[in-house]
Amino acid sequence: MYLHLFRPRIAASFPASAPAPVTEEGRRESSARPPIPLDRATNWLRRRLGRAVLLSYAAALLLPGPGLWLRRPHTVLPAGPAHLTLRTASFLLSLVLFSAGLQVPLRGLGRVLRYPKALLAGLTLHLALPLLIMPFVALLLRRTSDTDGGSGLLTAMILVVAMPVAAGATVWTTKGDGDQPTMVGLVLASTLLSPLTTPLLLTALAPLLSGGYAHTLTDTGRSVDSGFTLATVVLPCAAGLLCPFVLPPARRDGLLRAVMPLAMAGSLLLTYVNASGALGSFLARPRPLLFAAALAVAALVCLLSFALGRTAAWVLRLDASAASSLTLACGMSNSSASAVLITTSLPDKPHLLLPVLAYGLLQKTAASRVVTRLRPASPTVP
């Protein structure tokens, strides 16, 4: 789900022909973070990530066994009182987020702090929209013939929208020439606040569920509070962000060249592991109606999130670049983290991964349309 983190960033911003003029601030940011040359294998994989995603899903569909095995926790050091348990999905997510933090351009965040309108609006909306959208979706699902009122699908969607802003939103912002410092600030702020905000949102939305799902969601919120988000999301991202401050440029560049191909491979493996859990159980017990319902609910939540974000940007009269960042912050959630959370906290309910996987694909499609429509007009050269 984080595969778009690794698409080429430099070429999107600096085309080979007729380069657009940049401001003095842009020159300072560019000189502060020079492009990192990557090996041929890494560039080859980056150009073919779309096909690699399809292959990951195809592998999960045709050969889910290894993915199901990787979903289970494995004891690395069984001997002695201090045993170490490895959860593959959590480890892969941490690797991807460490790589994302390592690539974040920190220059320009000072300007965001001086003019925080878009940052504060995006953070507030990302936290408030789930409280508006999910009750509406719950009301619609209760009108269906489902015995539990769609509580399973609601649980999955709540776990998605309660997560922080997806780090991949920074790459979509770069692709669309959007307000990158604001987007980076939104990712960092929502991630750092997630150990507090995620359990609060899960607890607030739990009454929408019936049966045992409400209790399950509350317990999941406690597990998030007890360290899941901190250990799996916050610390890896923070470690990547701090590397430029503690490492000399040559070592940092070497680390980035080494980590990026590993993170790309890890993201493909994470997609395969998460998809195996959902598609493996679906193949064992085919339920076409559940698949259609998961796709419909994910599409509805995604559409409402992006539409309300775009409306808020229009009401606030933000310029095109800031409006793009605000819209992405409202619609893009860390679906990989929610998939890992379902895998670790709800291993007996792999079917809940279906709407999560659907949302991950849909939000990337929506993000592509947003950055295309809200791309700032290039200044003309006199």
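When Ala337, Ala294, Ala275, Ala323 are checked against the criterion of being more than 29 Å from Arg143 (Cα to Cα), crowded, with 24+ Cβ neighbours inside 10 Å and more than 18 Å from the chain's Cα centre (by Cα), Ala323 stands alone in meeting it.
Sub-9 Å Cβ pairs linking a first residue in segment 356-382 that is more than 25 Å from Val273 (Cβ to Cβ) and at pLDDT below 75 to a second residue that is surrounded by 15 or more Cβ atoms within 10 Å (Cβ to Cβ) and among the aromatic types (Phe, Trp, Tyr), at least 6 apart or interchain, number zero.
Of all residue pairs spaced 6 or more apart or on separate chains, those with beta-carbon atoms under 9 Å, a first member in segment 89-100 that is farther than 14 Å from Tyr272 by Cβ and among the aliphatic types (A, V, I, L, M) and a second member that is outside any helix (DSSP H, G or I) and at pLDDT below 80 are Leu97/Tyr2; Leu97/Ala167; Ala100/Tyr2; Ala100/Ala167; Ala100/Gly168.
Residue by residue, here is whether (1) assigned to a helix (DSSP H, G or I); (2) basic (Lys, Arg); (3) buried (at least 17 other Cβ atoms within 10 Å of the Cβ); (4) under 17 Å from the mean Cα position of the chain (by Cα) holds:
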position: Leu290; (1), (2), (3), (4): yes, no, yes, no
position: Ser305; (1), (2), (3), (4): yes, no, yes, yes
position: Ala313; (1), (2), (3), (4): yes, no, yes, no
position: Ala358; (1), (2), (3), (4): yes, no, yes, yes
position: Thr372; (1), (2), (3), (4): yes, no, no, no
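Only one entry in Leu63, Leu54, Leu77 is modelled with pLDDT of 70 or more, farther than 24 Å from Ser368 by Cβ and either aliphatic (A, V, I, L, M) or touching a strand residue (DSSP E or B) at 6+ places or on another chain (Cβ under 6 Å) (or both), namely Leu63.
The values are calculated or read from the model by the stated rules, or taken from the named source; none is laboratory data. Treat the numbers as computed from the prediction; the structure is a model and nothing was measured. For neighbour counting, all protein chains shown are included, and Cβ atoms are generated from backbone atoms with ideal geometry for every residue, glycine included.
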